[in-house]
């Protein structure tokens, strides 16, 4: 068996253990952050080396080493590196537990990497729980009342979501007699949701379980409280990595196991309806928020709605049986653009909130005068989340909405465009307060060089992906081919 194909996961596991052991002996805890980043960089390098390898599998087909898995490994490891760098301005709040903090981030990344490669329901569930347990612990890491409440709510609601997921998997197994995704597709050949209520119920429970991970309506109850109570670097990690892993599992399961023509159009329409509801509710509720982390929580729910447009925008050509893959390609491109913009916003929030000792939007008054570069970075990333040029967010929404129009989902695009206009109100409210409201103090807003470096990388990504999107688009196309076979991609 080619165990070298799991080199990225093995490296991250090894460095997680090393961080825990080093924590017992070193006094200078900065070493732990350096070791964690080195481990993740090693995993990135190994993932890049595997990119052009022929697709392979491990453990009897339970894990797939292909472009789709590797694409998301880049996302997980890259996000974790930037979050660890940005955490240098935050770890003083739990100085005694830095080793555990970095180790939990690394272990959650391992779970996400395995989940991205899983092609078996059992492997998906086991890796999901590894990821979730690490994230539950991280959410409660501050150990104050809000953080403890966040961790507890995340744990309880996550347990309910896991139960829904297992029940759905059980129904699918009962119908098909299989746990491997390809075998499930073969077993379900010829079936339709209308003729098999148990299959429909199983899909509904799967959507509910995965909907919790991607924070979509009506499975979003945990998001505002967890985003507000968790340490801000953890919130940043949750908003990007947790959402990305939810979407890669949905892509795997629904395209590989339920990609038959008679089933595909039904679940695509379910995602279209959920997309419309999620973006509308998320954006409308975000308008009334006064806490920036809660505002970004509802923004995250709305962004999940935009991403689900990519799940809905797929169909099958009757003449050839080929899959039209505008949607999944646009979805993966959107995830890359969303990751850099959302991380940039949270990194700026870390720096500003550390100084003003508040997450209230009104306390960001005059940040433009006190820290112009920091405010400029925050503005740029918020503009990208809105979806305006010249930022990556504009192209991400353009490709995603274009995919929906190609599939006859013009009504969904109209709803998405209206919601984009709504989101501009609350994003630009933060920009207005930062630049045009007089500051309460003339003190500067200091930040460490690791945080400034992470923020600079995020801002650079937002700009570069607008002017030169081809590399990310090409990688997204390659990843989309994995779940489609013969495909028609973006022109």
Right, residue 168: within 22 Å of the chain's Cα centre (by Cα), within 30 Å of residue 302 (Cβ to Cβ), touching a residue at least 40 places away in the same chain (Cβ under 8 Å) and assigned to a helix (DSSP H, G or I) or not?
-> no
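Quick one: in region 115-126, of everything that is part of a helix (DSSP H, G or I) and in contact with a strand residue (DSSP E or B) (Cβ under 6 Å, 6 or more places away or on another chain), which residue is surrounded by the most Cβ atoms within 10 Å (Cβ to Cβ)? Walk me through it before giving the result.
Of region 115-126, the ones part of a helix (DSSP H, G or I) are 115-117, 121-126.
Filter once more, so that each one left must be in contact with a strand residue (DSSP E or B) (Cβ under 6 Å, 6 or more places away or on another chain): 117, 124.
Values: 117: 28, 124: 25.
The residue in question is 117.
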Residue set 41, 10; condition under 27 Å from the mean Cα position of the chain (by Cα), under 18 Å from residue 454 (Cβ atoms), at pLDDT 90 or above and in a helix (DSSP H, G or I); output residue 41
With the condition kept exactly as written, say whether any residue in region 410-432 is part of a loop (DSSP other than H, G, I, E, B), under 30 Å from residue 362 (Cβ atoms) and touching a helix residue (DSSP H, G or I) at 6+ places or on another chain (Cβ under 7 Å).
-> no
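Only one residue in 277, 270, 292 is farther than 21 Å from residue 72 by Cα, in contact with a strand residue (DSSP E or B) (Cβ under 9 Å, 6 or more places away or on another chain) and at pLDDT 85 or above. Which one? Break it down into steps so the answer makes sense when it comes.
Values: 277 fails: in contact with a strand residue (DSSP E or B) (Cβ under 9 Å, 6 or more places away or on another chain); 270 fails: in contact with a strand residue (DSSP E or B) (Cβ under 9 Å, 6 or more places away or on another chain).
On inspection, the qualifying residue turns out to be 292.
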Residues (touching a helix residue (DSSP H, G or I) at 6+ places or on another chain (Cβ under 7 Å) and part of a helix (DSSP H, G or I)) located in region 434-448 = 434, 435
Selection from region 205-223 of residues free of Cβ contacts under 8 Å to residues at least 60 places away in the same chain and part of a loop (DSSP other than H, G, I, E, B) yields 218, 219
Going through region 171-198 one residue at a time, which ones are over 30 Å from residue 222 (Cβ atoms) and not in a helix (DSSP H, G or I)?
-> 177, 178, 180, 188, 189, 190, 191, 192, 194, 195, 196
Within the group 188, 142, which residue is modelled with pLDDT under 90, crowded, with 17+ Cβ neighbours inside 10 Å and over 25 Å from residue 247 (Cβ atoms)?
-> 142
Which residue out of 69, 33, 49 is out of contact with any strand residue (DSSP E or B) (no Cβ under 9 Å at 6 or more places or on another chain), assigned to a helix (DSSP H, G or I) and either surrounded by 14 or more Cβ atoms within 10 Å (Cβ to Cβ) or at pLDDT below 85 (or both)?
-> 33
Could we say that residue 95 is surrounded by fewer than 23 Cβ atoms within 10 Å (Cβ to Cβ), in a helix (DSSP H, G or I), more than 22 Å from the chain's Cα centre (by Cα) and at pLDDT 85 or above here?
-> no
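Can you tell me which residue among 48, 92, 123 is without any contact (Cβ under 8 Å) to a residue 40 or more places away in the chain and over 14 Å from residue 9 (Cα atoms)? Steps first, answer last, please.
Numbers: 48 fails: over 14 Å from residue 9 (Cα atoms); 123 fails: without any contact (Cβ under 8 Å) to a residue 40 or more places away in the chain.
The conditions single out 92.
Quick check, is residue 159 free of Cβ contacts under 8 Å to residues at least 40 places away in the same chain and either in a helix (DSSP H, G or I) or surrounded by fewer than 21 Cβ atoms within 10 Å (Cβ to Cβ) (or both)? Even if it seems obvious, please write down each step before you answer.
On the way: free of Cβ contacts under 8 Å to residues at least 40 places away in the same chain: yes; either in a helix (DSSP H, G or I) or surrounded by fewer than 21 Cβ atoms within 10 Å (Cβ to Cβ) (or both): yes.
Criteria met by residue 159.
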If the Cβ limit is 6 Å and pairs must be 6+ apart or interchain, which residue in region 259-275 that is more than 12 Å from residue 200 (Cα to Cα) pairs with which residue that is modelled with pLDDT of 85 or more and surrounded by fewer than 15 Cβ atoms within 10 Å (Cβ to Cβ)?
-> none
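Take the conditions out of contact with any strand residue (DSSP E or B) (no Cβ under 7 Å at 6 or more places or on another chain) and modelled with pLDDT of 90 or more and apply them to residue 79. Does it pass? Lay out the reasoning, then the answer.
Numbers: out of contact with any strand residue (DSSP E or B) (no Cβ under 7 Å at 6 or more places or on another chain): yes; modelled with pLDDT of 90 or more: yes.
Criteria met by residue 79.
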Return the residue satisfying two criteria in turn: it lies in region 449-489 and is surrounded by 17 or more Cβ atoms within 10 Å (Cβ to Cβ) and not in a helix (DSSP H, G or I), and of such residues it is modelled with the highest pLDDT.
-> 469
From the options 253, 285, residue that is more than 16 Å from the chain's Cα centre (by Cα), farther than 25 Å from residue 118 by Cβ and part of a helix (DSSP H, G or I) | 285
From the set of residues in region 127-147 that are assigned to a helix (DSSP H, G or I) and touching a residue at least 60 places away in the same chain (Cβ under 8 Å), which is farthest from residue 13 (Cα to Cα)?
-> 146
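The values are calculated or read from the model by the stated rules, or taken from the named source; none is laboratory data. Worth saying up front: this structure is predicted, and the values here are computed from it rather than measured. All Cβ positions, even for glycine, are placed from backbone atoms using ideal geometry, and neighbour counts span all protein chains on display.
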